[in-house]
Amino acid sequence: MTDVRRECEDVLRESPRPPSGDASDVERRDFLSVAAAVGMGGGLVAGYGTFGVIAARFLDAPGQPMGWQYLTTVDELKPGDSLTYAAPNGAKVVIARQGAGTSAEDFVALSSVCPHLGCAVHWEPQNDRFFCPCHNGVFDRQGVATEGPPAKAKQRLLEFPLKVENDLLYIQVPLVALACAECVDDTGTLVKQAANGATLPPQQGDMA
């Protein structure tokens, strides 16, 4: 346990700090996030279960640079359809078209990682909901849990901003992954080694 704590502290020293807020709360939250990744690094299961651990570190990171990334044309995503997207920082997102209009309000972009145990969440247009099959977690069209373990824990799916310009759909996401003990892709494979020894996902260009 001492080695895990030491590794977590090393990672935290190299991670950017938020510009404001209660330092003790931030440090405690960051340490718990990194400890989860480090402690489970040797026995993580490939797939969304792995990403569920890493996602907490990626998505709860104040001060990360944000950017608009191109997704698709409005016409290509029909009402009721959805697509999945991997952000430059490794976050996995599901984008669903919930209306027949052509504005950003007719779409929603939510994390496709269930906050319960990290399984893959998908959009069910016939039921007007997002569903996690692992433990029958149900989320409404805005990502608020309504049934299953996530509802009992009052959890919700992280939402990402969307915009439409010239019939093109864009999503706003963090552009850079923070240093972490062990970062993997959706197959559980280590994907990139940073200068400080942390493994980071490959970067994509900003399409804004």
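Just checking, does the stretch 83-99 include any residue being touching an Asp or Glu at 6+ places or on another chain (Cβ under 6 Å), surrounded by fewer than 21 Cβ atoms within 10 Å (Cβ to Cβ) and over 23 Å from Pro150 (Cβ atoms)?
yes
Part of a strand (DSSP E or B) and at pLDDT below 95: does that describe Val173? Even if it seems obvious, please write down each step before you answer.
Values: part of a strand (DSSP E or B): yes; at pLDDT below 95: yes.
So Val173 passes the test.
Mind telling me which of the residues Pro65, Pro150, Pro88 ends up being over 14 Å from the mean Cα position of the chain (by Cα) and modelled with pLDDT under 95? Show your work before the answer.
Working: Pro150 fails: modelled with pLDDT under 95; Pro88 fails: over 14 Å from the mean Cα position of the chain (by Cα).
Every option except Pro65 fails the conditions.
Give the residue that is surrounded by the fewest Cβ atoms within 10 Å (Cβ to Cβ), with candidates limited to residues of the stretch 138-152 that are over 25 Å from Glu105 (Cβ atoms) and touching a His at 6+ places or on another chain (Cβ under 7 Å).
The qualifying residue surrounded by the fewest Cβ atoms within 10 Å (Cβ to Cβ) is Pro149.
State which residue pairs qualify: first residue more than 15 Å from Ile95 (Cα to Cα) and inside the stretch 106-118, second residue crowded, with 24+ Cβ neighbours inside 10 Å and modelled with pLDDT of 95 or more in any location, beta carbons under 8 Å apart, and separation of 6 or more residues or different chains.
Pro115/Pro150; Pro115/Leu157; His116/Cys132; His116/Gly137; His116/Pro150
Give the residues of the stretch 153-167 that are of a type outside the set (D, E, K, R) and loosely packed, with under 14 Cβ neighbours inside 10 Å, sorted by residue number.
So the first thing to find is which residues in the stretch 153-167 are of a type outside the set (D, E, K, R), and the list is 153, 155, 157-158, 160-162, 164, 166.
Ala153, Pro161, Asn166, listed by residue number.
Against the condition over 28 Å from Leu175 (Cα atoms) and part of a loop (DSSP other than H, G, I, E, B), how does His135 come out, does it pass? Walk me through how you get there before you give the answer.
On the way: over 28 Å from Leu175 (Cα atoms): yes; part of a loop (DSSP other than H, G, I, E, B): yes.
Yes, satisfied.
Could you list, in sequence order, the residues of the stretch 75-105 that are touching a residue at least 40 places away in the same chain (Cβ under 8 Å), within 19 Å of Leu175 (Cβ to Cβ) and polar (S, T, N, Q)?
Across the stretch 75-105, the qualifying residue is only Asn89.
The values are calculated or read from the model by the stated rules, or taken from the named source; none is laboratory data. Given the structure is predicted, the values throughout are model-derived calculations rather than measurements. Every residue, glycine as well, gets a Cβ built from its backbone with ideal geometry; the counts of neighbours run over all protein chains shown.
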